[in-house]
Amino acid sequence: LTQVNQAPTAPDFDCERFGTGFLGQPVNTVSSLAFVAAGVAIIARNPRHLVYGSLVALNGAGSVALHGPYPPWADLAHDLPLVALAAYVAMDAAADLRGAPLSAAWWVMPVVVAAPVVAVAPEWGDLVQAGLAVVAVALSLLRARVRPALRRTILTSMAILGIGALVGTLTRSGAPLCRPDSVFQGHAVWHVLAALALWLLAPAVGSIGQPSRS
């Protein structure tokens with residue numbers, strides 16, 4: 001659900017050139033609002049997804065802070081919602097595989113552990129995000145394998161997420177396709193496609209059933 005990027009200690013992280021004013025990276029900042037829109041849409045479609053939708057929206061707010069005004073607490077605001085969302089998706093899939101309701105403690109604990117890490121060493125926060133994202137994707141794919149009714153929903157979501165991650169990787173800072181002054185920013189594409197993937201995944205979230213390999 002995230003990419004490992006160099007810690008934003010320089011003004012040109014995530015490729016787009018960082019300017020002055022509230023919209024430091026205009027394209028990356030505005031595209032971050034896709035997460036907010038997706039979160040609101042998730043909750044509007046099914047109020048039972050209040051926690052999931054709120055975490056998606058918080059990712060957008062944190063991303064706006066990071067790519068826009070970039071206050072001193074931007075890393076924390078950006079990284080903690082990502083950790084929480086990845087942990088939530090991972091533990092929700094694990095709960096489904098166990099056939100048991102999701103316990104808040106299972107996804108809240110990684111956030112509690114990650115908070116001081118992100119605050120002190122943002123680069124380690126990136127590794128925590130990446131690790132949880134890998135676990136979330138792996139458990140989601142396993143969920144798709146044993147839950148045929150959810151398979152199309154999950155695989156479509158994961159495919160879109162993968163395309164977004166590929167585009168973001170090929171256009172990140174220092175990558176061959178990075179164009180700092182272009183209005184086309186691969187990281188912005190990642191924002192939009194990741195938000196779409198999370199919205200598409202919502203019907204599978206909270207689903208608890210008996211695993212079946214049929």
Practice item. Round to the nearest 10 and give me the degree value, 0 to 90, for the angle of helix 50-67's Cα axis relative to the longest principal axis of the chain. Key: 10 degrees
Practice item. Could you order SER157, SER173 so the one with the most accessible surface comes first? Probe is 1.4 Å. Key: SER173, SER157
Exercise for review: Counting residues in region 119-214 as N, plug N into 2.2 N^0.38 Å and put the Cα Rg over that result.
Suggested key: 1.29
Review point. For PHE13, PHE22, what's the largest-to-smallest order of accessible area, 1.4 Å probe?
Key: PHE22, PHE13
Practice item. Set the Förster distance to 22 Å, then compute FRET efficiency between ILE163 and THR20 from the Cβ-Cβ distance, nearest 0.05. Key: 0.10
Point to revise | Solvent exposure ordering (accessible area, 1.4 Å, most first) of ILE160, ILE154 | key: ILE160, ILE154
Point to revise | Rg/Rg_ref, the chain, where Rg_ref = 2.2 N^0.38 Å and atoms are Cα | key: 0.99
Check your understanding: Given a Förster distance of 45 angstrom, what is the FRET efficiency for VAL117 paired with ALA149, based on the Cβ-Cβ distance and rounded to 0.05?
Key -> 0.75
Revision key, fill the gap. Whole-percent carbon and sulfur contribution to the accessible surface of the chain (1.4 Å, no ligands, DNA or RNA) stands at 72 percent
**Study point:** Mean accessible surface per residue for region 1-159, computed with a 1.4 Å probe while every protein chain stays in place, in Å²
**Key:** 45 Å²
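The values are calculated or read from the model by the stated rules, or taken from the named source; none is laboratory data. What you see is a predicted model; the values in this text were computed from it and never measured. As a convention, Cβ positions derive from the backbone with ideal geometry for all residues, glycine included, and neighbour counts pool all protein chains shown. To get the accessible areas, we keep the full protein, side chains included, count just its heavy atoms, and leave off ligands, DNA and RNA. Shrake-Rupley method; radii C 1.70, N 1.55, O 1.52, S 1.80 Å.
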